[in-house]
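Notes follow the structure.
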Amino acid sequence: MRRRTRIAALLALAALGAGIFVASAAALAFTDDSCDNTKPCRPPHGVVGSPYSHILNAMPNSGNGPPYSFEVISGSLPPGLSLASNGPITGTPTQSGTWTFWVELSDKPTPPEYWCKSPTRLSCAQRDFTITIDPGLVITTNSIPQTASVGTPYSTTLQAQLVTNLSPLTGSAPGALEWTVVPGFGTGLPPGLSLANGVISGTPTTEGSYTFRIQAAVDPTITHFQTYSLTVRQPLTVTPSKPLATPPAPTLWEVGLPFDAKLAPSGGNGTYTFALAEGTTLPAGLALAADGTISGTPSTAGVSRATIRVTDGEGRTLDYVLGFGVARKLAVSTKRLKLGKGGRLYRMKLSTTGGLPPKTWRAVSGKLPKGVRLDRKLGVISGMPVKVGVYPLTLEARDGLKVTATKSLRIVVRR
């Protein structure tokens with residue numbers, strides 16, 4: 001019985017010794033292409049603003065076998081990166097620079113401290129890692145002007161920056177870049193537009209909505225792209241309503257006569273506002289409303305030009321130039337009529353100031369002497385009076401805008 005007990009004890013010791021030998025041969029260790037035995041492990045470089053991924057691994061079947069756990073025990077990962085407990089280092093770096101940190105590998109999720117510090121160190125390993133993050137490239141133009149119109153030149157310049165920090169965005173000018181339209185994405189640039197050196201330009205030929213992706217590259221490893229949309233619409237146009245004239249003809253009007261007209265826009269995105277361009281004015285007494293209505297009563301005669309800017313809801317603009325000629329208010333300027341003599345030829349031309357042609361005349365009260373008539377178009381009183389007397393008259397002048405002016409006069413006919 002004692003012999004059997006001794007043999008069992010010896011077998012148990014042998015088995016324990018064998019177990020210790022096997023464990024020593026399979027001590028827990030990192031296996032990583034970026035490591036060697038003398039230097040810190042150096043995973044691949046990252047780029048600010050570009051997704052990063054690198055996986056830490058344990059030597060297969062080392063320690064007590066998987067699952068393995070990874071944990072940063074000192075130092076820090078580059079900002080924006082994190083280490084998952086099962087080994088992946090992932091994220092998007094936000095700052096350039098070099099970071100060194102120590103990672104502990106264990107074969108238990110949370111080994112007690114003594115587990116890693118045990119003499120055999122079978123189930124724990126530690127290594128230092130260094131990751132360098134290079135400056136990244138960011139296209140800082142997030143959107144482009146939505147002002148493209150068929151048949152109208154369009155141009156916008158995209159901006160990019162070499163970025164050392166994403167928050168706040170800091171960096172420097174990138175120098176020469178290679179700009180390309182990413183093939184196979186969206187509809188591509190609108191027909192008529194092209195990309196060169198970061199400038200989208202040309203004359204759109206086809207109305208529609210377009211989506212495209214543009215990439216900038218310092219080299220094949222440092223790139224960035226942005227996705228843009230651009231809607232091409234019909235160009236803005238303006239049609240004036242009466243009494244506005246169609247440019248370049250000026251609009252002719254008169255002091256004291258109420259004015260009301262509207263500019264009717266079309267094209268663009270269908271939402272419009274009107275404003276006077278800086279440095280230009282309408283005739284005194286007139287005002288422009290945001291809907292394109294021009295109204296008021298001119299108070300001063302003169303010639304002027306006004307530039308009216310119509311803007312649609314997407315930023316398209318059209319400068320519409322209107323000329324105005326405002327005449328003085330119509331008035332009869334004849335102060336008195338000539339003295340007439342019976343049996344002799346009489347002729348008197350009436351005159352006005354202000355107003356607009358054509359002008360016509362009529363007698364609104366009173367009678368002309370017998371034998372005398374008024375030429376309504378020429379404003380000439382002429383004939384041969386046959387009877388002496390005093391003939392009071394009220395004469396009316398009417399101009400091309402149907403403005404009227406009257407004056408009371410008289411013709412005296414003597415022998």
Just need the relative contact order of the chain here, percent rounded to a whole number, with Cα pairs under 8 Å and 6+ apart. 9 percent
Stretched fully, the stretch from THR157 through THR271 gains (0.36 nm per residue minus C-alpha distance, one decimal, in nm) 38.4 nm
Neighbour-count order for ARG362, ARG42, fewest beta carbons within 10 angstrom listed first: ARG362, ARG42
Residue list for the range 381-395, given a label point 7 angstrom along the Cα-to-Cβ vector of ARG410 and an amide N cut-off under 16 Å: 388-395
Once phi is turned into θ = phi - 60°, what whole-Hz ³J(HN,Hα) does the Karplus curve with 6.51, -1.76 and 1.60 give for every residue of the range 216-221, x standing for Gly and Pro? 10, 9, 7, 7, x, 9
Can you work out the FRET efficiency for the pair ALA196 and THR297, with r the C-beta to C-beta distance and R0 = 56 Å, to the nearest 0.05? 0.55
In order over the range 362-374: 3J(HN,Hα) from phi, Karplus 6.51/-1.76/1.60, θ = phi - 60°, whole Hz, x for each Gly or Pro, gives 7, 8, 8, 7, x, 9, 6, x, 4, x, 10, 9, 10
For the range 254-363, which GluC sites (Glu not before Pro) pass both filters: DSSP loop (anything but H, G, I, E, B) and at most 10 other C-beta atoms within 10 Å? GLU278
Rounded if a/c is under 1.5, else prolate if a/b beats b/c, else oblate: with a ≥ b ≥ c from the C-alpha gyration tensor eigenvalues square-rooted, which is the range 137-232? prolate
Could you tell me which label, among (i) -0.34, -0.44, -0.55, -1.17; (ii) -0.45, -0.57, -0.70, -1.32; (iii) -0.76, -0.83, -0.90, -1.16, carries the value of log10 I(q)/I(0) by the Debye sum over Cα atoms at q = 0.08, 0.09, 0.10, 0.14 Å⁻¹ calculated for this structure? (iii)
Mind giving me the nanometre distance, one decimal, between the label points for ILE55 and ALA29, set 7 Å out from Cα along Cα→Cβ? 2.1 nm
Helix 2-25 versus the longest principal axis of the chain: what angle, 0 to 90°, nearest 10, using Cα atoms? 40 degrees
If r is the Cβ-Cβ distance from VAL182 to THR307 and R0 is 35 Å, what FRET efficiency results, to the nearest 0.05? 0.25
How do LYS359, LYS242, LYS407 rank when sorted from fewest to most other Cβ atoms within 10 Å of their own Cβ? LYS242, LYS407, LYS359
Value at 222 nm in deg cm²/dmol, rounded to 500, when DSSP H runs of n ≥ 4 in the chain each add -39,500 (n - 2.57): -2500 deg cm²/dmol
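The numbers here are math on the coordinates, done by the rules we state, and not lab data. Small disclaimer: the values here were computed from a predicted structure and weren't measured. Cβ sites come from the backbone with ideal geometry, for glycine too, and all protein chains shown count toward neighbours.
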